[in-house]
Amino acid sequence: MIRTSRLIPVLTLAAVVLGGSACRRQPEAAPMPEPTVNQDSIDAANRARAEAEARERARMDSINRANAAAEEARRAEAARIAALRNTLMEAIYFDFDSDGLSADARSRLDAKLAILNANSGLTLRIAGHADERGSDEYNLALGQRRAAAAKRYLTQRGIADDRIAIISYGEERPAVQGSDESAWSQNRRDEFEITGGGDTLRSPGE
Amino acid sequence: MRHTRVAGWALALAAAPLAAQDTTQVRIGLTYQSAAPPTVVVLPVGGLAGDSARAIIARDLEYGDRMRVTTGPGAVAYEAALGQDGRAPNYPLWQRLGAAGVVHADLLPNGIRVRLHDVQGQRLATARDFALDGGPLSREWRMSLHGVADEIERWITGTRGIAQTRVAFVRGGRVYVVDSDGEMEEAVSAGGGALSPSWHPAGHSLAFSTFGEHGSELRVVDLRTNRERRLSGAARGLNITPEWTPGGDSIVFAHGRESGTDLFVVSAEGGEPRRITVGRGTDNTSPSISPDGRRIAFTSGRSGHPEVYTVDLDGANAELLTPFTIGDQSYRSSPSWSPDGRLVAFQARVAGRFQIMTINLRDRSMRQLTSEGVNEDPSWAPDGRHLVFTSSRSGIRQLWVLDVETGRARQLTRQGGSRLAAWSRILPPTS
């Protein structure tokens, strides 16, 4: 054990001396013509990297395109549903002290009717309103009659009674402030609220 | 043209039961021009809060619209004419100053001593001590002072005053109550959307309608406890314009679903409502019950536009009250049956604006009472002489009180948007 340990520094020194003489011999050798080979491999590597990047870009583009298409589809679907919802919620308007349905009101109700027919889970609440000119109290009954008139139009065309609720707010919740015919005509109305089944809607005829 | 008469109130005063209780059972021989109401002096009231007591009594007598009330600087002269230390008051001086009667009061520890002097008769007409509830300036104290003023009015005119009353109304979706003199206003309903308050005949509760999820519902608030409850029994849908029957045991209201709105009656405790009107798809709302409890005046669109009809409480004998001619497109609604049963007040469209009118039930003669601004939803005071209603005459909707006899009007509320007033009966001091 003692002898071996003494040998280690000697061997180490020999290795250093041998190694040193080897290095000193090197300069006589011709310089390695490496640059050409290196450039090729760099180019190759670059090409490979570019190709990889291109592939990745293409992959991402494809994903993005797919996402965009999905997003576009989502948007289109959302827009389609929003359009259906708007049609459902579009108010109808009345003449003074009347619950008669005008041609315009009927056509708006027909549009709602088609959507109701295409979506059996869809439920609505109709709120009848009046302008400020009548009696505060009598106007509550008038609003009720207006809401009932729209409901009757729908139920008489096949919509189940329990899918349409009605309420009257009389002149208590005007859509428009003001005391002129413009405000009054906008306040004599039925408003339509979607109370169920309105998140996904099939378009009529779908 | 200058004719004078012995005022009826002199006789009535002697006949009044309260006067009869007094030892000073005298008859005032008061002479005044029939065209002009008598002038009454309210002297300064002795005791703490005497100024407030005097102001309340003087204003109540003034709002009764049956006399001229003097409290101004000239009253000092009247006060000087008050006999001191047992001396007789200087009646001739009061007479020269134009007074027919003099109210002289002093606050006592828990009450007020009131003396009414008959100037013409040169004697003390009536004297009485009244108890006052609550501490000075409290709601109860004020209400019992209103009662004192009402008694003084009876002594003078033979007819009890109506100061000891309150008016319920709606503002901003809440039910409010205010004393007849416009003081002590307070909100009494909790939620929003309240409409059409109606007094229990005893004055302790109000019924009204509110908006719920499935329509409108009737609620009752007890003013003694501030507790509110839903009136059960009424079905889903429109449940509006509650009106207590004179006995206080039932509520008549308008209920509508999908084929018109009709009047129903339900027990005030709840239960199955019973139909009154058969409107066949038309609207029938806003009941007002005759003082004998037999007939109901209400708004109905059964003729094609709103008119006032009457019907028996059991639904029989429906009859058009407000006459119209074929093609008449007026709008008459919101009836209030007078406490004496003779008149029904309502609103009618005149030149595009609602005005307050009355119709006499005997001869169907109609009278237009307002012309300034838009005037709606009348409700009679217990004297059958004053009406409270919504008016836009000041530029914004407020409650106004009109004396039908003299045409005098005063503004009751100070905040805009007040409407749908209901005048209570004479109240106990603590309600």
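Worth pointing out:
- Region B:220-243 residues that are farther than 22 Å from B:I289 by Cβ, paired with ones that are in a strand (DSSP E or B) and of a type in the set (G, A, S) (beta carbon under 6 Å, 6 or more apart): B:R236/B:G215; B:G237/B:G215; B:G237/B:G256
- Unmet requirement for B:D179, which otherwise passes all of (1) farther than 30 Å from B:R274 by Cα; (2) at pLDDT below 95; (3) of a type outside the set (K, R): (2)
- For region B:166-183, residues that are in contact with a Gly (Cβ under 8 Å, 6 or more places away or on another chain), touching a residue at least 60 places away in the same chain (Cβ under 8 Å) and either at positive phi or not in a strand (DSSP E or B) (or both) total 1.
- Scanning region A:176-198 for residues that are in contact (Cβ under 8 Å) with a residue 12 or more places away in the chain and loosely packed, with under 13 Cβ neighbours inside 10 Å returns A:S179, A:G196.
- From the options A:R85, A:R152, residue that is out of contact with any His (no Cβ under 8 Å at 6 or more places or on another chain), surrounded by fewer than 19 Cβ atoms within 10 Å (Cβ to Cβ) and more than 12 Å from every other protein chain (Cβ to nearest Cβ): A:R85
- Among the residues of region A:94-112, those that are crowded, with 18+ Cβ neighbours inside 10 Å, over 26 Å from the mean Cα position of the chain (by Cα) and touching a residue at least 24 places away in the same chain (Cβ under 8 Å) comprise A:F94, A:D97, A:D99, A:L101, A:A105, A:L109.
- Any strands (runs of 3 or more DSSP E) falling wholly within region B:370-423 and containing at least 1 residues that are of a type in the set (K, R) and away from chain A (no Cβ under 14 Å): B:409-411
- Test: B:G193 is within 14 Å of chain A (Cβ to nearest Cβ), touching a strand residue (DSSP E or B) at 6+ places or on another chain (Cβ under 9 Å) and surrounded by fewer than 16 Cβ atoms within 10 Å (Cβ to Cβ): no
- Only one of A:D97, A:D40 that is of a type outside the set (V, I, T) and more than 14 Å from chain B (Cβ to nearest Cβ): A:D40
- Annotation for region B:310-331: no member residue is part of a strand (DSSP E or B) and within 14 Å of chain A (Cβ to nearest Cβ).
- Residue that is surrounded by the fewest Cβ atoms within 10 Å (Cβ to Cβ) [pool: residues in region B:228-260 that are within 14 Å of chain A (Cβ to nearest Cβ) and of a type in the set (S, T, N, Q)]: B:S259
- If you go through region B:332-360 and keep only what is outside any strand (DSSP E or B) and in contact (Cβ under 8 Å) with a residue 40 or more places away in the chain, you end up with B:S338, B:P339, B:D340, B:G341, B:R342.
- Search result, residues across region A:91-126 that are closer than 25 Å to B:R332 by Cα and of a type in the set (G, A, S): A:S98, A:G100
- Of the residues screened, B:S418 is one that is buried (at least 18 other Cβ atoms within 10 Å of the Cβ) and out of contact with any Pro (no Cβ under 8 Å at 6 or more places or on another chain).
The values are calculated or read from the model by the stated rules, or taken from the named source; none is laboratory data. Owing to the predicted nature of the structure, the values given are computational and were not obtained by experimental measurement. Quick reminder, even Gly has a Cβ in these numbers, built from the backbone with ideal geometry, and neighbours come from all protein chains shown.
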